[in-house]
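The block underneath contains the structure these notes are about, expressed in structure tokens.
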Amino acid sequence: MRDSKRLAAVRLLPCVKCGHPYSQAAHSNSSGHGKGRGIKADDAYTVPLCVGCHQRFDRFELGTRTESEAMFDRWLVKTNRMLVMEDKEVF
């Protein structure tokens, strides 16, 4: 499912891996999230990654497929919290 509002909100967040202030909405590479050959995962499974971290993530340079999926799941939890956090909350 496509959600332009979520993608725009995710792009406003800093990179969830390195903290760089400019990010892209990076989709999950997991088939469990709807990823298929030539098909992006559902937009609900996006996290903010800077260009460099996004490229390394997509090339599985940050870990094996299993490690990358676990890392993405942690990032997704953090991203979803960041999208709804209050001004008092700090990461």
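Would it be correct to say that A70 is out of contact with any Pro (no Cβ under 8 Å at 6 or more places or on another chain), at pLDDT 90 or above, assigned to a helix (DSSP H, G or I) and surrounded by 16 or more Cβ atoms within 10 Å (Cβ to Cβ)? First the steps, then the outcome.
Working: out of contact with any Pro (no Cβ under 8 Å at 6 or more places or on another chain): yes; at pLDDT 90 or above: yes; assigned to a helix (DSSP H, G or I): yes; surrounded by 16 or more Cβ atoms within 10 Å (Cβ to Cβ): no.
Considered against the rule, which asks whether it is out of contact with any Pro (no Cβ under 8 Å at 6 or more places or on another chain), at pLDDT 90 or above, assigned to a helix (DSSP H, G or I) and surrounded by 16 or more Cβ atoms within 10 Å (Cβ to Cβ), A70 comes out as no.
Quick one: in the range 22-63, which of the residues that are more than 19 Å from R6 (Cβ to Cβ) and in a loop (DSSP other than H, G, I, E, B) is modelled with the lowest pLDDT?
R37
The values are calculated or read from the model by the stated rules, or taken from the named source; none is laboratory data. In this text the structure is predicted, and so the values were computed from the model without any measurement. Using ideal geometry, Cβ is built from the backbone for each residue, glycine included, and neighbour counts are taken over all protein chains shown.
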